[in-house]
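Below you'll find the structure, written out as structure tokens, and then a few comments.
The values are calculated or read from the model by the stated rules, or taken from the named source; none is laboratory data. What you see is a predicted model, and the numbers here were worked out from it, not measured in a lab. Note: ideal-geometry Cβ built from the backbone for every residue, glycine included; neighbour counts use all protein chains shown. Ligands, DNA and RNA are excluded from the accessible area calculation, which covers all protein heavy atoms including side chains. Shrake-Rupley method; radii C 1.70, N 1.55, O 1.52, S 1.80 Å.
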Amino acid sequence: MSVSLVLIVVMAVLFACGVYAMLERSLTRVLIGFLLLGNATNLLLLIVMGEPGVAPFFGAAASPDEMSDPLPQALTLTAIVITFAVSAFLLALIYRSWQLGQADTVEDDEADRAIRERTADVDDTMDDEMEIEDEDDDATTDFVGLATAPITIVSSRDFTRLRDDAPVDRPAEPGKGGDET
């Protein structure tokens, strides 16, 4: 099987342009970037599929080697549906943003500005983190005690009617089944 180098280059360019367009503040450019990423993904799945063959129906081909792989085709259809759904959502978001503000750009809010302007001393922050790590060295788990434990282990000894006949990796005891000769 030989994959065309042109397809690989086009796919790489589509991925690069899609990621670059999605990093913009304009929602329209985000939509265009997402569509480019969707098409690049479909092209990737087309490249992965390999040589086209006979449809994978029972009796359509003499041997399984002549059949085409149905998995990349199913994944491509799934990628198309996901791209369509997210594109419809982004179009609705762009339309609503245009209705409210006559612009499709995402502006910084107060929290974004506060994070950007925050000038905390990095050394003090690192020292605080080291103190927290030193305090946590004694604890072996986040869930200490039975009241906060997320998992309760149940065995056959806890319930009289519970029959534990799951296979185990230890040799069978004599007289309890297994190969006795």
Original post:
Are there any pairs with C-beta distances below 6 angstrom linking a residue in region 1-30 that is farther than 26 Å from residue 66 by Cβ and among the aromatic types (Phe, Trp, Tyr) to a residue that is open to solvent by less than 80 Å² (accessible area, probe 1.4 Å) and in a helix (DSSP H, G or I), with the two at least 6 apart or on different chains, and if so which?
Top reply: 15/40
Original post:
What number of residues in region 15-56 are part of a helix (DSSP H, G or I) and open to solvent by less than 40 Å² (accessible area, probe 1.4 Å)?
Top reply: 13
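Of the residues 21, 12, which is hydrophobic (A, V, I, L, M, F, W, C), touching a Lys or Arg at 6+ places or on another chain (Cβ under 7 Å) and at pLDDT 90 or above?
Values: 12 fails: touching a Lys or Arg at 6+ places or on another chain (Cβ under 7 Å).
Answer to the selection: 21.
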**OP:** Determine, yes or no, whether residue 79 is aliphatic (A, V, I, L, M) and loosely packed, with under 12 Cβ neighbours inside 10 Å.
**Re:** no
